[in-house]
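Trainee: Take a look at the following structure, please.
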Amino acid sequence: MLIGIVGKPNVGKSTFFCAATLAPAEIADYPFTTIKPNKGVAYLRTRCPHLDLGVPCHPRNSACEKGVRLVPVELIDVAGLVPDAWQGKGLGNQFLDDLRQADALIHVVDSSGSTDAEGLPVTANSHDPMKDVKFLENEMDHWIKGILDKGWEKAAKQAHLEGEKVGELIYNKMTGLGMSMHHILAALREANLPEAPDSWTSDDLMKLSSLLRKYSKPMIIALNKADIANDETLKRMAHIEHYMSIPTCSQSELALRRAAKGQLIEYLPGDEKIKVIDPAKLNPAQKKGIDYIQSHVMSKFNGTGVQQSLETAAFKMLDLIPVYPVEDEHRWTDKSGNVLPDTHLVKRGATARDLAYKIHTDLGENFIRAVNARTKRIVGADYVLQEGDVITIISKK
């Protein structure tokens with residue numbers, strides 16, 4: 001799974017990325033610090049089933065700390081977006097192309113209103129961050145429409161004459177943008193456009209483009225710099241239509257993760273409290289910083305919001321659940337004896353056969369049955385997977 005970190009310049013995108021991944025990225029207080037996209041790995045937290053089995057696990061594609069399974073997800077931090085980026089302004093074309101394969105987006109917004117539309121510093125609360133949400137929607141909609149527009153009239157007429165379904169026409173044009181037929185059909189249903197695609201107007205294509213963006217690039221809002229934002233602004237932006245919004249302080253998260261790495265504090269991403277290991281080791285500046293983060297961030301927002309943003313994107317917006325395929329349903333191991341070796345994220349509602357295909361095409365095509373390792377019951381191909389399921393797939397040899 002790939003999550004894109006997006007937003008205008010100078011709002012804390014790269015800080016968010018570094019805080020989530022501890023991967024190096026250039027951070028500075030001016031626009032276009034990020035030129036080439038940064039890529040890294042963050043982790044989602046979920047309860048590890050080894051706690052129920054009563055023996056230690058041996059993860060291969062994930063990690064486990066104190067009973068918390070850490071499931072990796074890939075992040076990409078792209079260049080900041082400015083108005084009219086879809087026309088090539090700033091680094092717009094590069095920004096949009098870098099997002100082609102993203103499954104979901106986290107839009108980092110400067111909720112303190114201290115950066116203008118171009119990402120330049122201004123007086124706090126002088127810029128309305130709500131405008132940033134609308135402008136990013138607009139840029140992505142125009143980007144998608146630009147792809148649809150190319151040769152649309154000719155392709156639509158030919159599709160109409162040859163009886164090609166409009167969904168297939170759009171799917172072929174959207175190749176490379178990570179759009180599934182499910183996304184396209186959902187957008188077409190909601191758009192409710194005239195039956196003949198060659199009759200669609202420019203406004204019709206814009207409406208469809210907006211819905212294609214909505215379904216194929218779902219997005220949450222990270223209200224960054226929440227510790228210095230106006231409370232009224234945070235309340236207003238907590239209820240943006242069609243979005244989930246999370247107060248976020250990525251700079252605080254980065255400071256905490258670095259302090260934990262330096263063994264000054266005990267802290268895991270997503271924690272709501274900070275535990276200082278040895279107060280005597282902290283210099284006055286470090287103590288002041290930790291006290292500020294605890295009082296102005298952790299206590300106020302129940303965390304820094306970075307981990308919460310990632311997990312909201314994966315578990316709530318994309319509606320993914322973790323499942324654990326094993327070969328031995330009695331010991332919950334693979335053929336090498338590793339306990340609960342792999343974690344897979346699947347869409348809620350996925351079936352045992354879907355999991356088999358996700359592991360390997362041959363396993364899906366030769367599927368016979370599955371076993372729910374928790375209950376030891378045989379289940380069929382259409383068994384709907386539940387969060388935390390431990391599953392053995394049985395197939396033809």
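Trainee: Which residues, counting only those in the stretch 264-291, are under 19 Å from D227 (Cα atoms) and without any contact (Cβ under 8 Å) to a residue 12 or more places away in the chain?
Mentor: A285, K287, K288, D291, listed by residue number.
Trainee: Name the residue, out of T351, T361, T343, that is over 30 Å from K225 (Cα atoms), out of contact with any strand residue (DSSP E or B) (no Cβ under 9 Å at 6 or more places or on another chain) and hydroxyl-bearing (S, T, Y).
Mentor: T361
Trainee: Also, I was wondering about something else. For the stretch 358-367, enumerate the residues that are surrounded by fewer than 16 Cβ atoms within 10 Å (Cβ to Cβ) and either farther than 21 Å from P59 by Cα or of a type in the set (D, E) (or both).
Mentor: T361, D362, E365, N366
Trainee: Select, from I293, I265, the only residue that is under 22 Å from L22 (Cα atoms) and touching a Lys or Arg at 6+ places or on another chain (Cβ under 7 Å).
Mentor: One residue alone meets the criteria, I265.
Trainee: Looking at the stretch 96-112, can you tell me whether even one residue there is at pLDDT 85 or above, of a type in the set (D, E) and farther than 21 Å from T248 by Cβ?
Mentor: Scanning the stretch 96-112, I find no residue that is at pLDDT 85 or above, of a type in the set (D, E) and farther than 21 Å from T248 by Cβ, so the answer is no.
Yes or no, residue by residue, for (1) under 21 Å from the mean Cα position of the chain (by Cα); (2) of a type in the set (D, E, K, R):
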residue	(1), (2)
H182	yes, no
E190	no, yes
L208	no, no
N224	yes, no
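Trainee: Cβ-Cβ below 8 Å, separation at least six or inter-chain, first residue in the stretch 103-121 and surrounded by fewer than 18 Cβ atoms within 10 Å (Cβ to Cβ), second of a type in the set (K, R): which pairs?
Mentor: Hits for this filter: A117/K8; A117/K131; E118/K8.
Trainee: Within the stretch 137-155, does at least one residue satisfy the condition of being farther than 18 Å from R236 by Cα, β-branched (V, I, T), part of a loop (DSSP other than H, G, I, E, B) and modelled with pLDDT of 90 or more?
Mentor: No, the stretch 137-155 has no match at all.
Trainee: Give me the residue from the stretch 227-249 that is outside any loop (DSSP other than H, G, I, E, B) and of a type in the set (A, V, I, L, M, F, W, C) and, out of that set, surrounded by the fewest Cβ atoms within 10 Å (Cβ to Cβ).
Mentor: So the residue we want is I228.
Trainee: Can you pull out every residue in the stretch 275-302 that is under 18 Å from K261 (Cα atoms) and outside any helix (DSSP H, G or I)?
Mentor: K275, V276, I277, D278, L282, N283
Trainee: Within the stretch 304-321, count every residue that is among the hydrophobic types (A, V, I, L, M, F, W, C) and at positive phi.
Mentor: So the count comes out to 0.
Trainee: Filter the stretch 258-274 for residues that are in contact with a Phe, Trp or Tyr (Cβ under 8 Å, 6 or more places away or on another chain) and in a loop (DSSP other than H, G, I, E, B) and give the result.
Mentor: P269, I274, listed by residue number.
Trainee: I'd like to verify a number: residues in the stretch 312-352 that are charged (D, E, K, R) and crowded, with 19+ Cβ neighbours inside 10 Å, how many?
Mentor: Qualifying residue count, the stretch 312-352: 1.
Trainee: Next question, about the same structure. Mind listing just one residue for me: the one in the stretch 378-397 that is surrounded by fewer than 20 Cβ atoms within 10 Å (Cβ to Cβ) and polar (S, T, N, Q) and, of those, nearest to G364 (Cα to Cα)?
Mentor: S395
Trainee: Are any of the residues in the stretch 246-263 of a type in the set (A, V, I, L, M) and more than 19 Å from D227 (Cβ to Cβ)?
Mentor: Yes.
The values are calculated or read from the model by the stated rules, or taken from the named source; none is laboratory data. Fair warning: this is a prediction, and the values are worked out from it, not measured in the lab. Don't worry about glycine lacking a Cβ; one is built from the backbone with ideal geometry, like all the others, and counts go over all protein chains shown.
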